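Notes for the one structure printed next.
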Amino acid sequence: MNLDQLYICFPSQKECIILLEEVRWRGLPTCPYCKSKKQTSSKTQKRYHCNTCNTSYSVTVGTFLGNTKLDLQKWFKAILLITRSQKEISSRDLANEIYVTKDTAWLMIQRVRKARTDYTEFLDGLIQAIDRGNYKL
Ligand SMILES: [Zn+2]
């Protein structure tokens, strides 16, 4: 994957979410709180209502991408930039690449580094999937 192609392969948040759902759940949504697979999907947004424990969730809940207001496209690009660079990418360089503040870039770098140990399998799967550039897997 050439980074210039990222926004062509993932033109909106929607394609990013489809990819995340494939990587995390193999396409079958699972409640992060009680592991139930019984859910009702929301028509308007990519959220699910768990019919077992009565909570709602999205695919990023309980992952290193949880509680983020940033576009997932920016995260995808950041993940590739952070994990591909031979020497560690600086927050200034990352900020310039994805148009966020230096502070935001710094926080993203910390999250991705931590994900390497805390969410190894998910992160590896995600990197491979983004690299393949096909959100439908
Ligand atoms: Zn549940």
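The values are calculated or read from the model by the stated rules, or taken from the named source; none is laboratory data. Values in this document were obtained by computation on a predicted structure and should not be read as measured data. Heads up, the Cβs are rebuilt from the backbone with ideal geometry, glycines too, and the neighbour counts pull from every protein chain shown.
Here L19 meets the list (1) touching a residue at least 12 places away in the same chain (Cβ under 8 Å); (2) of a type in the set (A, V, I, L, M, F, W, C); (3) within 16 Å of the ligand (Cβ to nearest atom) almost entirely, failing just condition (3).
Of the residues making up the stretch 77-93, not a single one is within 10 Å of the chain's Cα centre (by Cα), part of a loop (DSSP other than H, G, I, E, B) and either farther than 25 Å from E21 by Cβ or not β-branched (V, I, T) (or both).
Scanning the stretch 6-26 for residues that are surrounded by 12 or more Cβ atoms within 10 Å (Cβ to Cβ) and either hydrophobic (A, V, I, L, M, F, W, C) or not in a helix (DSSP H, G or I) (or both) yields a total of 11. Residues that are among the β-branched types (V, I, T) and away from the ligand (no atom under 13 Å from the Cβ) within the stretch 43-62 comprise T44, V59, T60, listed in sequence order. Residues in the stretch 107-130 that are surrounded by fewer than 16 Cβ atoms within 10 Å (Cβ to Cβ) and touching a Leu at 6+ places or on another chain (Cβ under 9 Å): R116 only.
Regarding L107, is this residue hydrophobic (A, V, I, L, M, F, W, C) and free of Cβ contacts under 8 Å to residues at least 12 places away in the same chain? Yes; evaluated as a whole, the condition is true for this residue.
Please indicate, with yes or no, whether at least one residue in the stretch 44-52 is part of a strand (DSSP E or B), more than 15 Å from the chain's Cα centre (by Cα) and buried (at least 18 other Cβ atoms within 10 Å of the Cβ). Looking for residues that are part of a strand (DSSP E or B), more than 15 Å from the chain's Cα centre (by Cα) and buried (at least 18 other Cβ atoms within 10 Å of the Cβ), one finds at least one in the stretch 44-52, hence yes. Tell me whether the stretch 25-40 contains one or more residues that are touching a residue at least 24 places away in the same chain (Cβ under 8 Å), farther than 19 Å from G133 by Cβ, aromatic (F, W, Y) and away from the ligand (no atom under 16 Å from the Cβ). No. Per this entry, S41 is not counted among residues that are in contact with a helix residue (DSSP H, G or I) (Cβ under 9 Å, 6 or more places away or on another chain) and modelled with pLDDT under 95.
Does Q73 satisfy the condition of being touching a residue at least 60 places away in the same chain (Cβ under 8 Å) and either touching a Phe, Trp or Tyr at 6+ places or on another chain (Cβ under 6 Å) or not in a helix (DSSP H, G or I) (or both)? Taking the combined requirement at face value, the residue satisfies it. Of these, T68, T101, T83, which one is buried (at least 18 other Cβ atoms within 10 Å of the Cβ) and touching a helix residue (DSSP H, G or I) at 6+ places or on another chain (Cβ under 8 Å)? Result: T83 is the single residue among T68, T101, T83 that is buried (at least 18 other Cβ atoms within 10 Å of the Cβ) and touching a helix residue (DSSP H, G or I) at 6+ places or on another chain (Cβ under 8 Å).
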